[in-house]
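Data block below; observations after.
The values are calculated or read from the model by the stated rules, or taken from the named source; none is laboratory data. Here the structure is a predicted model, which means the values were calculated and not measured. All Cβ positions, even for glycine, are placed from backbone atoms using ideal geometry, and neighbour counts span all protein chains on display.
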């Protein structure tokens, strides 16, 4: 079984369509990117009825901002880990603790920017919560969607962060590694709720021996890149 991987570049964040017998979308971008996301999916040949599952790697707004829209528009099921499910339902802009001063500064800037946008936004307000259709607590097999792979729990950035790991070696990690400040190098993200757990999750990922690691805000990395950055 061979899947087609379609990166959907929305600027500061990427989503990924995994096309097998049906289509699985990893993350959804910010609410204001709704039109761009929809147009790019259509341009890629993905029909609304093709989309079967939307995987939320973690409950931050830049990753779930259009989940409710896609759920209603396509009937696709929305999946999230149990530990991030309430954050998805609440649907608001939240950041965990910053791992460094730069992260703290960016958190303040993003909160302020989003506050200004919410004042200008009409109708929807600033809550984009969605009721998940599937709440997982461990590994989740994707074979029923015609995708040879699974979802694994990789906490640290948030308690319920997950990674989509395909049998082909492609891994979609959300914000587990990488920062847009150093797009060519896998690094610890600016934010997270538990640095020790995050490092354990990175080692868990390396132990799965993925070929390519797709981070949401930066370029993809090879397994060798990860091992050079974090040790083999």
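Looking at the range 161-180, can you tell me whether even one residue there is touching a strand residue (DSSP E or B) at 6+ places or on another chain (Cβ under 6 Å), surrounded by fewer than 21 Cβ atoms within 10 Å (Cβ to Cβ) and either at pLDDT 95 or above or outside any loop (DSSP other than H, G, I, E, B) (or both)?
There is at least one residue in the range 161-180 that is touching a strand residue (DSSP E or B) at 6+ places or on another chain (Cβ under 6 Å), surrounded by fewer than 21 Cβ atoms within 10 Å (Cβ to Cβ) and either at pLDDT 95 or above or outside any loop (DSSP other than H, G, I, E, B) (or both).
Where the second residue is modelled with pLDDT under 70 and the first is part of a loop (DSSP other than H, G, I, E, B) and lies in the range 120-136, which pairs have Cβ atoms under 6 Å and are six or more apart or on separate chains?
126/118
Checking residue 146 against (1) buried (at least 19 other Cβ atoms within 10 Å of the Cβ); (2) out of contact with any helix residue (DSSP H, G or I) (no Cβ under 8 Å at 6 or more places or on another chain), which single condition isn't satisfied?
(1)
Considering each residue of the range 200-232, count those that are within 27 Å of residue 17 (Cα to Cα), touching a helix residue (DSSP H, G or I) at 6+ places or on another chain (Cβ under 8 Å) and part of a helix (DSSP H, G or I), and give that number.
Total satisfying the criteria: 7.
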